[in-house]
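The values are calculated or read from the model by the stated rules, or taken from the named source; none is laboratory data. Values in this document were obtained by computation on a predicted structure and should not be read as measured data. A quick note on method: Cβ atoms are made from the backbone with ideal geometry, for glycine too, and the neighbour counts reach across all protein chains shown. Heads up: the accessible areas ignore ligands, DNA and RNA and are worked out on the full protein's heavy atoms, side chains in. Shrake-Rupley method; radii C 1.70, N 1.55, O 1.52, S 1.80 Å.
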Amino acid sequence: MEHIKVIICDLDGTLYRDEKFYQRFISHILKGSVFEADEAIIQQKAEAILLGKDPFTLGQFYDRTSDLTGKSLEERLNIKGIVNTEAHFESYLDRKYGFMADAWSVVFMLANQLGIASDVVDAGFVKVREEMLMPEYAIEVSEQLVKVLGELAKYTEGMYMLTNTNEPEAIEFAKYIGLEDKFDVIKYGADKPFGLMNVLPDILNTHQIDGHEILAIGDHGYNDLYPVKVLGGKTILTSPYQIQDHMDWSVRVHTLEALKGQLEEVLTHCKNREGRIA
């Protein structure tokens with residue numbers, strides 16, 4: 001990690017933690033649907049996937065375009081996961097595939113399998129985001145992690161935060177956590193991985209750096225890390241879950257504290273590079 005000059009960071013699930021929101025999200029999107037009475041079964045399915053107790057695990061892909069016409073609930077929840085053992089994602093860089101990496105992924109997958117209308121999912125998403133900033137549903141934030149990010153901003157050439165969440169829903173999180181002044185560029189609605197792939201050439205050109213001088217941090221390997229890994233960059237996968245993605249990320253951590261520790265090491269290298277530490 002001693003050559004890092006640019007950091008590209010995700011927001012949700014990376015710079016804060018909330019491992020329970022998905023239950024409320026599921027409740028919101030099921031309300032008024034034909035599957036509302038089956039919520040307990042659907043919640044159990046989500047939990048089993050997240051805990052690695054289902055054949056369909058985090059780290060697998062699924063086909064978003066599967067024909068579910070006339071399928072029963074049992075058939076809809078019997079997802080045929082695609083196990084990728086190739087140590088790369090090249091064959092799956094297509095919007096027809098969904099990648100299971102976090103609780104958001106699980107809810108969006110279930111919505112797809114149950115045929116929940118997109119406007120209903122969007123409304124549920126907005127509602128659960130609002131709840132996540134309420135005292136009774138407080139997200140886990142690390143002030144020390146935020147402090148380290150602020151220090152890194154002084155010793156790197158570029159700090160970028162890219163989130164797939166649109167600005168209205170994400171900007172309040174950036175303010176709540178205290179991230180507004182920690183990044184040179186904050187891009188909402190980033191459409192990762194495709195949007196990240198598109199901006200990487202500009203980042204390389206702007207800072208006159210090579211791929212190995214970029215560090216990508218995120219909880220969703222497909223969205224947040226892979227485009228940087230392809231360029232030879234360093235990657236930190238941070239997630240409380242065991243993600244069986246068969247990928248060789250530079251580092252895997254499971255807590256905000258562990259992520260802070262990794263970034264403190266990066267900060268030390270950055271300071272040494274500038275001769276700030278003997």
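Per-structure values
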quantity: Net lengthening on full extension, Gln144/Glu180 (0.36 nm per residue, minus Cα-Cα); calculated: 11.4 nm
quantity: Segment Ala48-Lys80, extension gain: residue separation times 0.36 nm, minus the distance between their alpha carbons; calculated: 10.0 nm
quantity: Antiparallel bridges, percent of DSSP beta bridges restricted to region 1-160 (to nearest 5); calculated: 60
quantity: Tilt relative to the chain, helix 256-273 - C-alpha long axis, 0 to 90 degrees, to 10; calculated: 30
quantity: On Cα atoms only, tilt of 143-155 relative to the major axis of the chain in degrees; calculated: 50
quantity: Cα gyration tensor shape of region 66-136, rounded if a/c is under 1.5, else prolate or oblate by comparing a/b with b/c; calculated: oblate
quantity: Accessible area (Å², 1.4 Å probe, nearest 10) - Lys192; calculated: 20
quantity: GNM top mover of Glu90, Glu151, Glu213 - the chain, alpha-carbon springs below 10 Å; calculated: Glu90
quantity: Test item: Cα-centred dipole of the chain, Lys/Arg +1 and Asp/Glu -1 on Cβ, debye; calculated: 240
quantity: In Hz, Karplus ³J(HN,Hα) per residue of region 86-100 (6.51, -1.76, 1.60; θ = phi - 60°; x = Gly, Pro); calculated: 8, 6, 7, 10, 4, 6, 10, 7, 8, 5, 6, 9, x, 10, 8
quantity: 20 °C / 1.002 mPa s Stokes-Einstein diffusion coefficient of region 185-278, Kirkwood radius on C-alpha pairs, µm²/s; calculated: 149
quantity: Region 138-247 - accessible surface per residue (Å², probe 1.4 Å); calculated: 41
quantity: Angle between the chain longest axis and helix 103-114 axis [Cα atoms, degrees, rounded to 10]; calculated: 30
quantity: Whole-number percent relative contact order across region 231-278, with pairs defined as alpha carbons under 8 Å at least 6 apart; calculated: 30
quantity: R0 of 51 Å, Cβ-Cβ distance His3-Val34: FRET efficiency to nearest 0.05; calculated: 0.40
quantity: Table column - 3J(HN,Hα) (Hz), region 182-196, Karplus curve with 6.51, -1.76, 1.60, x for Gly and Pro; calculated: 9, 10, 6, 9, 10, 10, 8, x, 6, 6, 6, x, 5, x, 5
quantity: Rel. contact order, % - alpha carbon contacts under 8 angstrom, at least six apart, region 163-273; calculated: 17
quantity: Per-residue ³J(HN,Hα) for region 209-218, Karplus 6.51 cos²θ - 1.76 cosθ + 1.60, θ = phi - 60°, Hz, x for Gly and Pro; calculated: 10, 9, x, 5, 9, 9, 10, 9, 10, x
quantity: His3 - accessible surface, heavy atoms, 1.4 Å probe, Å² rounded to 10; calculated: 100
quantity: Carbon plus sulfur fraction of accessible area for region 187-242, probe 1.4 Å, in percent; calculated: 47
quantity: Scattering curve values for the chain, log₁₀ I(q)/I(0), Debye with Cα scatterers, q = 0.12, 0.14 Å⁻¹; calculated: -0.75, -1.01
quantity: Residues with amide H under 5 Å from that of Met161, placed H, sequence gap 5 or more; calculated: Cys9, Val185, Ile186, Lys187
quantity: Proportion of all alpha-carbon pairs of region 1-106 beyond 17 Å (%); calculated: 64
